[in-house]
Amino acid sequence: METTGAGEQYLIYDRYKELKAFEESKAGVKGVVDAGIEKIPRMFVRPQEELTEDLAHTDEHKSSRLETPMIDLQGVDQKHRREEIIHEIRCASETFGFFHLVNHGVPVSVMADIINGLHLGGLIGGVNFGSNFDLYVSKYANWRDTLKCNLLSPEPIDPQELPDTCRDIVVEYGKHIMKLSDTLTKLLSEALGLQQNHLRDMDCNECLSLNGHYYPACPEPELTLGTSKHSDPTFITILLQDYIGGLQFLHLGLASSLSLLISNGKLKSVEHRVLANRIGPRVSVACFIRPSMNTSTKLYGPLEELISEDTPPIYRAITFKEYTSYSRSKGLNGVSALDYFKI
């Protein structure tokens, strides 16, 4: 208890104590909601200056909403159609850094089943369940729980470690995403004017991690975020959302930062965030295509084929582990981790 100059008393807020209690509960944000709260705990509340700035730009965001570029992969193995798709991907990647895929080969039933499996609340309590990896370094906690698993890596997850409600469908969905990631990696290589297998030979898509995000309904969504503004420390991110949505892309902001690095800024890496919502739960599945973090000596930097006197390298060459470690240490603070590695 502390006394003000006017003799009034108020409780001193112990943020660390609240964070520790939340972490040790192992119930996640879903557990907070299930307790029947009407106001969100203080650890989730965004700083006043951030809320004020967001409010000031509300009308600007509404007026500048852009339609997501749509790319149809139908006929991707036919020469003429493939050239059209490569052109569309090049334009979308250089201008926006994101696009919507249709006819991508992942069955509708599989997409529906993985969303339904995560909706059943199977995230809580699993060995790969977590909430806010940057809990102790971020300014505020996000209104989100996450199921994490490595599907393709030197140390892939044992499916028996996954919750019963989504075990089989996570494995099935992962198989389809692996195939899609191989297609996209080849298309991006060609979009950069490289040989089809160039980026794959660099091991850019060696690993696949899946994050199932669970966003419970929030009683005060205007005070927090489902996920803070960030760009993904990956080569490609493939995202599947349920009907509620909530993802906000920030046009020309700084999703896949490795593509920005190796293309020397030619391909955009879009900054994005997820809004909290009174309606819920909302579920999304983010698949991260990336190199292995077990390779400590392999360097990634701007490709020699994309560098000239007129376009010198923007970033220094780094290992993927170095980049990921720095990105995790700073948390989701709205600042691109790549800025740290600029020349």
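The values are calculated or read from the model by the stated rules, or taken from the named source; none is laboratory data. Owing to the predicted nature of the structure, the values given are computational and were not obtained by experimental measurement. Cβ sites come from the backbone with ideal geometry, for glycine too, and all protein chains shown count toward neighbours.
Of the residues that sit in region 241-271 and are within 11 Å of the chain's Cα centre (by Cα) and among the aliphatic types (A, V, I, L, M), which one is modelled with the lowest pLDDT?
A255
From the residues in region 298-307 that are of a type outside the set (A, V, I, L, M) and out of contact with any strand residue (DSSP E or B) (no Cβ under 9 Å at 6 or more places or on another chain), which one is surrounded by the most Cβ atoms within 10 Å (Cβ to Cβ)? Reasoning before the result, please.
Just the residues of region 298-307 that are of a type outside the set (A, V, I, L, M), to begin with: 298, 300-302, 304-305.
Next cut, out of contact with any strand residue (DSSP E or B) (no Cβ under 9 Å at 6 or more places or on another chain) only: 304-305.
Details: E304: 9, E305: 12.
Top of the filtered list is E305.
Does T165 fit the bill of being among the β-branched types (V, I, T) and either out of contact with any helix residue (DSSP H, G or I) (no Cβ under 8 Å at 6 or more places or on another chain) or farther than 20 Å from H104 by Cα (or both)? Reasoning before the result, please.
Details: among the β-branched types (V, I, T): yes; either out of contact with any helix residue (DSSP H, G or I) (no Cβ under 8 Å at 6 or more places or on another chain) or farther than 20 Å from H104 by Cα (or both): yes.
In short, yes.
Within region 218-228, does at least one residue satisfy the condition of being buried (at least 23 other Cβ atoms within 10 Å of the Cβ), under 25 Å from K179 (Cα atoms) and modelled with pLDDT of 85 or more?
Within region 218-228, none of the residues are buried (at least 23 other Cβ atoms within 10 Å of the Cβ), under 25 Å from K179 (Cα atoms) and modelled with pLDDT of 85 or more.
Can you tell me which of (1) in contact with a Lys or Arg (Cβ under 9 Å, 6 or more places away or on another chain); (2) of a type in the set (K, R); (3) part of a loop (DSSP other than H, G, I, E, B) is the one R273 doesn't meet?
Result: R273 fails condition (3) only.
Where the second residue is at pLDDT 80 or above and surrounded by 14 or more Cβ atoms within 10 Å (Cβ to Cβ) and the first is more than 19 Å from M293 (Cα to Cα) and of a type in the set (S, T, Y) and lies in region 144-169, which pairs have Cβ atoms under 7 Å and are six or more apart or on separate chains?
T146/S131; T146/N211; T146/G212; T146/H213; T165/G117
Quick check on region 319-343: of everything there that is modelled with pLDDT of 85 or more and β-branched (V, I, T), which residue is surrounded by the fewest Cβ atoms within 10 Å (Cβ to Cβ)?
That would be I343.
The rows are residues; the columns are (1) of a type outside the set (V, I, T); (2) in a loop (DSSP other than H, G, I, E, B); (3) at pLDDT 80 or above; (4) on the phi < 0 side of the Ramachandran plot.
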position	(1), (2), (3), (4)
L123	yes, yes, no, yes
K139	yes, yes, yes, yes
T146	no, no, yes, yes
L151	yes, no, yes, yes
E155	yes, yes, no, yes
D164	yes, yes, yes, yes
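Every residue, every condition in (1) surrounded by 23 or more Cβ atoms within 10 Å (Cβ to Cβ); (2) of a type outside the set (K, R); (3) within 20 Å of S231 (Cα to Cα), yes or no:
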{"residue": "L258", "(1), (2), (3)": "yes, yes, yes"}
{"residue": "G280", "(1), (2), (3)": "no, yes, no"}
{"residue": "A286", "(1), (2), (3)": "no, yes, yes"}
{"residue": "E309", "(1), (2), (3)": "no, yes, no"}
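Quick check, is V102 within 18 Å of S284 (Cα to Cα) and surrounded by fewer than 16 Cβ atoms within 10 Å (Cβ to Cβ)? It would help to see each step written out before you state the result.
Working: within 18 Å of S284 (Cα to Cα): yes; surrounded by fewer than 16 Cβ atoms within 10 Å (Cβ to Cβ): yes.
So V102 fits the description; yes.
What single numbered condition from (1) modelled with pLDDT under 85; (2) surrounded by 14 or more Cβ atoms within 10 Å (Cβ to Cβ) fails to hold for P159?
The failed condition is (2).
Please enumerate the residues belonging to region 200-222 that are among the hydrophobic types (A, V, I, L, M, F, W, C) and within 21 Å of the chain's Cα centre (by Cα).
C204, C207, L208, L210, A217, C218
Of all residues in region 178-222, which are among the aliphatic types (A, V, I, L, M), part of a helix (DSSP H, G or I) and within 19 Å of I262 (Cα to Cα)?
Residues satisfying the conditions are L184, L187, L188, A191, L199.
What number of residues within region 172-187 satisfy the criterion of being of a type in the set (A, V, I, L, M) and over 12 Å from L152 (Cα atoms)? Spell out how you get there, then give the answer.
So in region 172-187, the residues of a type in the set (A, V, I, L, M) come out as 177-178, 180, 184, 187.
From the residues that got through so far, the ones that are over 12 Å from L152 (Cα atoms) too are 180, 184, 187.
The qualifying residues number 3.
So is R316 at pLDDT 90 or above and farther than 15 Å from H230 by Cα or not?
Working: at pLDDT 90 or above: yes; farther than 15 Å from H230 by Cα: yes.
When the stated conditions are applied, R316 passes them.
Out of everything in region 302-343 that is of a type in the set (G, A, S) and in contact with a helix residue (DSSP H, G or I) (Cβ under 8 Å, 6 or more places away or on another chain), what residue ends up being farthest from C204 (Cα to Cα)?
S336
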